[in-house]
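Quick notes on the structure that follows.
The values are calculated or read from the model by the stated rules, or taken from the named source; none is laboratory data. Just so you know, these numbers come straight off a predicted model, no measurement behind them. Cβ placement follows ideal geometry from the backbone for every residue including glycine, while neighbour counts extend to all protein chains displayed. Each accessible area value is taken on the protein alone, full model and side chains, heavy atoms only, with ligands, DNA and RNA left out. Shrake-Rupley method; radii C 1.70, N 1.55, O 1.52, S 1.80 Å.
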Amino acid sequence: MKGLTTLKDLPVSKIQEIIDTALLFKKGELKADYSGKKMALLFFENSTRTEYSFCTAMLNLGISPIYFNDRGSSIAKGETLYDTVKTFESFGIDGVVIRHSKDEYFRDLENIQIPIFNGGDGCSNHPTQTLLDLMTIYEEFGRFEGLKVTFIGDIAHSRVAHGNNEIMRRLGMETYISGPEQFADVTAPYISFEKAIEISDVINLLRIQFERHTGKLDMTKEEYFERFGMTKKREAQMKDNAIIIHPAPVNRGIEIADDMVEGKKSRILKQINNGVYIRMAVISMVLEGKL
Ligand code: CP
């Protein structure tokens with residue numbers, strides 16, 4: 001299958017090549033023009049960052065984006081995801097970006113010939129989010145080896161935690177988990193929240209995904225913020241050069257205090273900015289046959 005659906009099969013050298021290409025785009029030292037090409041954005045779940053930064057990346061590369069409204073489409077008549085994507089392929093377009101609630105939906109799309117860019121599948125993968133997180137960390141520290149990262153929040157429902165943990169470990173980072181034990185389903189040691197604040201180079205906060213919960217959060221939102229929320233006091237206890245990342249959208253006043261979203265250790269807006277360059281790098285490398 002062409003495109004980028006998961007990072008699990010990608011060697012670390014290729015991950016580094018994507019980040020280096022994104023950095024060149026960001027510095028204006030690399031330009032690419034794919035005028036005349038068209039790609040569709042097939043989002044079956046809500047999105048702001050992923051959908052519109054893919055769109056921005058396409059426009060920066062001269063590619064025309066095609067929007068898709070699943071509620072106004074023939075999906076409502078029972079058309080399958082495969083038939084929908086095959087229809088777009090038949091239009092003669094050059095790729096599709098897909099976000100879907102089904103874990104590894106791309107396994108159903110083996111017969112699709114055009115590149116597929118995964119914008120997030122169920123609770124499993126969000127490869128361009130992982131790459132933009134890695135780019136943000138690499139810009140900060142200039143390396144991955146030996147850095148300590150702790151995931152805090154709704155790990156169980158997080159495709160970001162599942163995707164990041166796997167590749168971060170392959171890159172030589174030490175990963176830990178913390179926060180509510182009811183969400184602790186990633187293979188990494190559990191440490192107390194106080195320990196996480198003390199030892200981490202990167203605190204990877206995660207949104208509480210209320211829309212995916214079948215059960216209930218074991219505590220009130222106020223209690224969550226009290227026990228696990230990122231506050232100015234906790235920020236002051238972090239290492240001097242440590243950073244806070246969060247895939248966003250954030251629940252202000254739950255995972256993070258309102259005034260911390262743009263605080264001095266927060267790299268949340270930088271992550272969003274880096275997302276455009278990572279998506280430019282991924283699209284151009286796929287179109288050039290390098291990915
Ligand atoms: N981080 C992220 O995937 O955000 P969106 O849901 O807004 O795309």
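Quick notes
- ALA161 vs. criteria over 22 Å from ASP9 (Cα atoms) and in a helix (DSSP H, G or I): no
- Answer residue from the stretch 67-108, given it is of a type in the set (A, V, I, L, M) and over 21 Å from ILE278 (Cβ atoms) and is surrounded by the most Cβ atoms within 10 Å (Cβ to Cβ) among those: VAL85
- Hits in the stretch 87-102 (condition: within 13 Å of the ligand (Cβ to nearest atom) and basic (Lys, Arg)): ARG99
- Looking across the stretch 117-159, just one residue is of a type in the set (A, V, I, L, M, F, W, C), open to solvent by 10 Å² or more (accessible area, probe 1.4 Å) and within 14 Å of the ligand (Cβ to nearest atom), and that is CYS123.
- Selection from the stretch 233-247 of residues that are surrounded by 14 or more Cβ atoms within 10 Å (Cβ to Cβ) and over 19 Å from GLU140 (Cα atoms): ARG234
- Complete set of residues in the stretch 218-263 that are closer than 22 Å to GLU198 by Cβ, of a type in the set (Ser, Thr, Tyr) and out of contact with any helix residue (DSSP H, G or I) (no Cβ under 8 Å at 6 or more places or on another chain): TYR224
- Failed item, numbered, when ALA196 is tested on (1) modelled with pLDDT of 95 or more; (2) within 16 Å of the ligand (Cβ to nearest atom); (3) among the aliphatic types (A, V, I, L, M): (2)
- Count - residues of the stretch 24-49 that are in contact (Cβ under 8 Å) with a residue 24 or more places away in the chain, touching a helix residue (DSSP H, G or I) at 6+ places or on another chain (Cβ under 7 Å) and under 30 Å from PHE144 (Cα atoms): 4
- Considering the stretch 201-289, the qualifying helices (runs of 4 or more DSSP H), each wholly inside and each with 2 or more residues that are within 16 Å of the ligand (Cβ to nearest atom), run over 268-287.
- Within the stretch 125-156, being under 14 Å from the mean Cα position of the chain (by Cα) and over 20 Å from PRO11 (Cβ atoms) holds for THR136, PHE151, ILE155.
- Of all residues in the stretch 30-74, those satisfying the criterion of being of a type outside the set (A, V, I, L, M, F, W, C), closer than 25 Å to ARG159 by Cβ and touching a strand residue (DSSP E or B) at 6+ places or on another chain (Cβ under 8 Å) are GLU45, SER47, THR50, GLU51, PRO65, TYR67, ASP70.
- Here LEU41 meets each of (1) closer than 15 Å to TYR138 by Cβ; (2) within 16 Å of the ligand (Cβ to nearest atom) with one exception, condition (1).
- Positions within the stretch 172-188 being at pLDDT 95 or above, open to solvent by 20 Å² or more (accessible area, probe 1.4 Å) and on the phi < 0 side of the Ramachandran plot, in sequence order: GLU174, TYR176
- Checked against (1) open to solvent by less than 50 Å² (accessible area, probe 1.4 Å); (2) part of a helix (DSSP H, G or I), GLU166 meets all criteria but (1).
- In the stretch 266-276, the qualifying residues are those that are touching a residue at least 40 places away in the same chain (Cβ under 8 Å) and open to solvent by less than 20 Å² (accessible area, probe 1.4 Å), and the one that is nearest to VAL202 (Cα to Cα) is GLN271.
- Residue within the stretch 43-50 that is among the aromatic types (Phe, Trp, Tyr), touching an Asp or Glu at 6+ places or on another chain (Cβ under 8 Å) and more than 18 Å from LEU131 (Cβ to Cβ) present: yes
- Of all residue pairs spaced 6 or more apart or on separate chains, those with beta-carbon atoms under 9 Å, a first member in the stretch 88-117 that is closer than 15 Å to GLU51 by Cα and a second member that is open to solvent by 60 Å² or more (accessible area, probe 1.4 Å) and not in a loop (DSSP other than H, G, I, E, B) are GLY95/LYS38.
- Single unsatisfied condition, VAL286 versus (1) loosely packed, with under 14 Cβ neighbours inside 10 Å; (2) within 19 Å of GLN129 (Cβ to Cβ): (1)
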